[in-house]
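Peer 1: Take a look at this one; I'll ask things after.
Readers should treat all values here as calculations from the given coordinates under stated rules, not as data from a laboratory. A quick note: this is a predicted structure, and the numbers were derived from the prediction, not measured. Using ideal geometry, Cβ is built from the backbone for each residue, glycine included, and neighbour counts are taken over all protein chains shown.
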Amino acid sequence: MTAIPFDTMQFAEELVQNGVPENYAKAITKAFTKAQQESNAAVVEQIKHDYNLDNLATQRDLKELELNLIVKMAEFKSETVKEITKWVAAMIIGQMGVVFGILKLLGKF
């Protein structure tokens, strides 16, 4: 959050020029500055709460998630290809067994 520019020295000088004793002017300036900082901090906390900024994803978070998904998809694809290859090989062997069995029954083998 951008703070509003505030010249504390000028503020204190303005108070002194308008009849406020210097030690009072410094105390008022210090109190005002502290109140402004606390108010700004409260506003920031309220904004964090209202918009749930602590759980906001950054571009870096999204890029990391994307890379993790790409890796997991590649692993899944690799595992799927291996499984399909096993099933196809098993089906081919099974079909060959059926063909040889039929040929043996027919006396051609």
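Peer 1: Only counting other Cβ atoms within 10 Å, I'd like Thr80, Thr29 sorted with the fewest neighbours first.
Peer 2: Fewest-to-most Cβ neighbours within 10 Å comes out as Thr80, Thr29.
Peer 1: Sticking with this structure for a sec: Residue farthest toward the positive end of the dipole of the chain, with Cβ of Lys/Arg at +1 and Asp/Glu at -1: which of Asn68, Ala12, Val98?
Peer 2: Val98
Peer 1: In terms of the Cα gyration tensor, with a ≥ b ≥ c the square roots of its eigenvalues, is the chain rounded because a/c is under 1.5, prolate because a/b exceeds b/c, or oblate?
Peer 2: It comes out prolate by the Cα gyration axes.
Peer 1: Among 54-61, 89-96, how do they line up from the highest to the lowest mean number of other beta-carbon atoms within 10 Å?
Peer 2: 89-96, 54-61
Peer 1: Something else: Return the sequence-ordered ³J(HN,Hα) values of region 56-71 in whole Hz as given by the Karplus equation 6.51 cos²θ - 1.76 cosθ + 1.60 applied to θ = phi - 60°, using x for Gly and Pro.
Peer 2: Calculated HN-Hα couplings, in order: 6, 7, 8, 4, 5, 4, 5, 5, 4, 4, 4, 5, 4, 5, 4, 5 Hz.
Peer 1: Going by how many other beta carbons lie within 10 Å of each one, how would you line up Thr85, Thr8, fewest first?
Peer 2: Thr85, Thr8
Peer 1: Also, quick follow-up: Residue-wise, which Karplus ³J(HN,Hα) couplings in Hz belong to region 79-88, taking 6.51 cos²θ - 1.76 cosθ + 1.60, θ = phi - 60°, and x for glycine or proline?
Peer 2: The phi angles translate into 5, 5, 4, 4, 5, 4, 4, 4, 5, 5 Hz.
Peer 1: Another question, then. Place +1 on the Cβ of every Lys and Arg and -1 on the Cβ of every Asp and Glu in region 7-56, take the dipole about the Cα centre, and give the residue among Gln37, Ala25, Asn55 whose Cα lies farthest towards its positive end.
Peer 2: Farthest towards the positive pole: Ala25.
Peer 1: Now for a different question. Where does the chain land at 222 nm, in deg cm²/dmol rounded to the nearest 500, when only DSSP H runs of n ≥ 4 count, each adding -39500 (n - 2.57), divided by all residues?
Peer 2: -28500 deg cm²/dmol
Peer 1: With the chain treated as a Gaussian network of Cα nodes joined by springs under 10 Å, which of Val98, Val44, Val71 yields the largest mean-square fluctuation?
Peer 2: Sorting by GNM fluctuation, first place goes to Val98.
Peer 1: If you put +1 on each Lys and Arg Cβ and -1 on each Asp and Glu Cβ, how big is the dipole of the chain around its Cα centre, in Debye rounded to 20?
Peer 2: 1300
Peer 1: Ranked by Cβ crowding within 10 angstrom, fewest neighbours first, how are Glu14, Glu66 ordered?
Peer 2: Result, fewest neighbours first: Glu66, Glu14.
Peer 1: I've got another one for you. In percent, how large is the relative contact order of the chain, given Cα pairs closer than 8 Å and 6 or more residues apart?
Peer 2: Computed over the chain, the figure is 13 percent.
Peer 1: Tally Lys/Arg at +1 and Asp/Glu at -1 over every other residue whose Cβ is under 11 Å from the Cβ of Ala41; what's the total?
Peer 2: Net charge in that neighbourhood comes out at 0.
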